[in-house]
Amino acid sequence: MRKKIVAGNWKMNKTFDDAYELVEKIADEMEHLATPSVDVVVCPPYPFLEMCGDLSQESFFAVGAQDVSAHESGAYTGEVAAPMLASMGIDYCIVGHSERRAYHNESNEEIADKVKQLLANDIRPIFCCGEKLPEREAGTQFKVVEKQISESLFGLTADEFGDVVIAYEPVWAIGTGKTATPQQAQEMHAFIRSLIAKQYGSHVADNATLLYGGSCNAKNAKELFANPDVDGGLIGGASLKADDFLTIVQSF
Ligand code: 13P
């Protein structure tokens with residue numbers, strides 16, 4: 001059975017004290033939750049990774065980074081390399097988020113390099129894909145997502161691909177309060193699974209964890225997660241409040 005995952009992408013929010021308070025609350029509550037079938041991942045900004053890692057030790061959640069360098073080491077001021085994350089015990093890392101693609105011009109090729117860096121260091125990539133509003137209005141959303149996935153991921157072996165989590169995040173739904181309908185999410189997730197099946201076979205496709213992201217919150221998570229091909233969520237705004245995030249974790 002494939003893994004169900006709820007991951008919180010804090011983006012560039014919180015100061016150290018606020019972050020501590022949030023993750024401490026998540027850690028406390030997680031101890032009492034009966035959700036052994038769901039992997040919970042907290043993805044804070046880099047400076048808070050160690051603190052979140054410490055607080056996760058006794059608890060039942062994993063820690064992820066929000067981005068990684070495409071390079072292994074060297075003169076890349078301001079960047080953080082996969083071996084550094086691995087040396088801190090980081091389990092997951094988001095790559096190819098639409099905000100990185102938009103504000104840092106990340107290409108599918110660069111994202112492919114980041115994925116390779118992570119896999120070489122035993123960190124599971126949470127690979128983001130998704131179309132912009134004009135692309136959906138033009139009916140090209142499937143083509144767009146297929147290009148993102150095939151150019152960044154389909155150079156991997158089946159074995160390597162088995163460690164990748166895909167997050168479908170329609171850009172028009174991110175931070176807008178305009179969630180994809182459960183039907184829109186299911187339709188795209190089924191399409192993504194069919195792409196994986198074509199590339200790697202149905203066994204790999206059946207085991208792939210596909211998350212939905214984009215204005216997923218405590219109210220709509222249940223309806224989204226009820227779809228057969230939606231295996232959890234990548235949560236932005238609603239992951240900044242412990243109660244909301246934990247409600248989403250329990251929405252299966
Ligand atoms: P929101 O949940 O705030 O729409 O953000 C989604 C997202 O971008 C998660 O990576």
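Assorted remarks:
- Residue pairs whose Cβ atoms lie under 7 Å apart, sitting 6 or more positions apart in sequence or on different chains, and linking a residue in the stretch 223-249 that is under 15 Å from Val40 (Cα atoms) to a partner that is among the hydroxyl-bearing types (Ser, Thr, Tyr) and surrounded by 24 or more Cβ atoms within 10 Å (Cβ to Cβ), are Gly233/Tyr212; Phe245/Ser239.
- Restricting the stretch 3-25 to residues that are touching a Leu at 6+ places or on another chain (Cβ under 7 Å) and part of a loop (DSSP other than H, G, I, E, B) leaves a set whose member that is farthest from the ligand (Cβ to nearest atom) is Lys14.
- Residue within the stretch 88-106 that is surrounded by fewer than 18 Cβ atoms within 10 Å (Cβ to Cβ), of a type outside the set (Asp, Glu), farther than 17 Å from Val41 by Cα and in contact with a Ser or Thr (Cβ under 6 Å, 6 or more places away or on another chain) present: no
- Boolean, Asp231 is of a type in the set (Asp, Glu) and surrounded by 22 or more Cβ atoms within 10 Å (Cβ to Cβ): yes
- Residue, nearest to Met30 (Cα to Cα), within the stretch 232-252, restricted to residues that are among the hydroxyl-bearing types (Ser, Thr, Tyr) and in a helix (DSSP H, G or I): Thr247
- So Thr247, is it within 15 Å of the ligand (Cβ to nearest atom) and surrounded by fewer than 16 Cβ atoms within 10 Å (Cβ to Cβ): no
- Within the stretch 207-230, being touching a helix residue (DSSP H, G or I) at 6+ places or on another chain (Cβ under 8 Å) and charged (D, E, K, R) holds for Glu223, Asp229.
- For Asp229, the test of being under 17 Å from Ile5 (Cβ atoms), part of a loop (DSSP other than H, G, I, E, B), away from the ligand (no atom under 15 Å from the Cβ) and of a type in the set (D, E, K, R) is passed.
- Within the stretch 232-244, the residues that satisfy the criterion of being within 12 Å of the ligand (Cβ to nearest atom) and among the aliphatic types (A, V, I, L, M) are Leu234, Ile235, Ala238, Leu240.
Every number in this text was worked out from the coordinates using simple rules, so none of it is lab data. Everything quoted here is computed from the prediction, not taken from an experiment. As a convention, Cβ positions derive from the backbone with ideal geometry for all residues, glycine included, and neighbour counts pool all protein chains shown.
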